[in-house]
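The values are calculated or read from the model by the stated rules, or taken from the named source; none is laboratory data. These numbers were taken from a predicted model, which means no experiment stands behind them. In this analysis, Cβ positions are derived from the backbone assuming ideal geometry, glycine residues included, and neighbour counts consider all displayed protein chains. Side chains included, ligands, DNA and RNA excluded: accessible areas come from the protein's heavy atoms. Shrake-Rupley method; radii C 1.70, N 1.55, O 1.52, S 1.80 Å.
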Amino acid sequence: MGLSKFCNTVFGIFLIHFLAASPLLAEDVKTSFVMENIYTIVSGEGVDSNSTFIITKEGVIVIDTRPTPIEAKKVLAEIRKRTDLPIIYTINTHFHGDHTFGNQIFNQSKTIIAHRNVRKSLFGKSGKDHLAFFKTFGLPGMEEVKITPPNLVYEKSLNIYLGGYHLELVHAGRGHTDGDTFIYMPSSRLMITGDLVFNKKIPFAGHGYIDEWIQSLVLMENLDAEIIVPGHGQVGGKPLVTQMKHYLMELKTYVIQALGEGKSLKETQDAVRPELEKKYSHWKKLEWLDGNIERAYYEFSAKTEP
């Protein structure tokens with residue numbers, strides 16, 4: 001199976017599980033106070049992709065815009081409860097629709113920033129296919145989505161200075177996708193990770209690169225950040241990064257061991273799944289394990305071929 005076909009298949013399975021688990025759109029959002037002037041919106045039901053906003057004295061920075069214009073308007077409403085200052089920058093941590101399909105609501109900022117591969121994905125065929133697949137489920141608000149790619153892109157790093165805040169946008173290489181950004185705020189000792197980190201939830205790895213993802217997490221561990229805002233789940237501390245790294249390292253180790261024993265994909269899933277289920281029984285979305293094992297199986301099969 002080619003990588004493109006694999007990614008589309010696994011993403012379809014991911015969405016089916018995701019949508020079957022609970023209603024996509026929650027009635028109420030949960031706004032968590034992170035630190036002074038910084039808030040993260042976490043939905044307790046349905047979609048739990050996080051959106052963070054930073055209120056500076058010159059304007060607002062929004063990071064990730066949630067899955068539909070309806071949900072993005074809820075983010076905007078939360079901002080307007082606290083300030084009337086304009087939205088200056090909108091940042092996408094990667095291309096997945098649950099983080100970007102609300103972009104149009106923040107187009108007023110004029111500047112939507114992401115890694116160049118996010119624009120490539122959203123502006124090209126994969127973005128249209130991505131949206132079309134979401135629409136097949138008839139989700140409220142999906143018909144209103146107008147794909148709005150970033151209009152300012154970067155390659156490896158980008159520094160933003162606004163209203164006394166410094167944000168360092170970093171692309172450490174391919175990880176959860178080929179266009180991940182994490183945001184490091186040195187003076188606040190804060191890191192906003194996008195989907196490089198999930199909190200107590202099996203990550204979706206269908207568009208992932210396991211080895212490079214681990215390397216990104218090692219880099220993130222070495223930064224002086226005490227507060228971690230993950231792509232999914234509650235805000236936490238540095239251990240969130242370490243936990244995600246350990247999960248991916250264990251996934252890699254078990255899959256490579258199975259490959260060394262000549263196991264088929266099915267045999268590998270049957271051998272690795274129970275080991276990971278035992279260790280991560282308290283995490284959500286254990287049903288995503290087989291898809292992640294499959295992704296790792298194809299990645300490391302290619303790397304271990306003679």
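Tabulated data for the structure shown
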read-out: Relative contact order (%) - the chain, alpha-carbon pairs under 8 angstrom, separation at least six; value: 13
read-out: Low-density loop positions, GluC sites (Glu not before Pro), segment 133-199 - DSSP coil, at most 16 other Cβ in 10 Å; value: 155
read-out: Computed [θ] at 222 nm, helices only, for the chain once each DSSP H run of length n ≥ 4 contributes -39500 (n - 2.57); value: -12500 deg cm²/dmol
read-out: Segment 21-178: C-alpha gyration tensor shape, a/c 1.5 cut-off, then a/b vs b/c; value: oblate
read-out: Angle in degrees between helix 125-135 and the longest Cα principal axis of the chain, rounded to the nearest 10; value: 90
read-out: With every protein chain in place, the chain: carbon and sulfur % of accessible area (1.4 Å); value: 52
read-out: Convex hull (Cα only) mean projected area of segment 102-152, reported in nm² to one decimal; value: 3.5
read-out: Where Rh is the Kirkwood radius over Cα pairs, Rg/Rh for segment 144-267; value: 1.03
read-out: Surface per residue (accessible, 1.4 Å probe) for the chain, Å²; value: 42
read-out: Potential lengthening between residue 83 and residue 267 on full extension [0.36 nm per residue; Cα-Cα distance subtracted]; value: 60.7 nm
read-out: Cα convex hull of the chain - mean projected area over all directions, nm²; value: 14.8
read-out: Estimated dipole of the chain in Debye, rounded to 20 [Cβ of Lys and Arg +1, of Asp and Glu -1, Cα centre]; value: 460
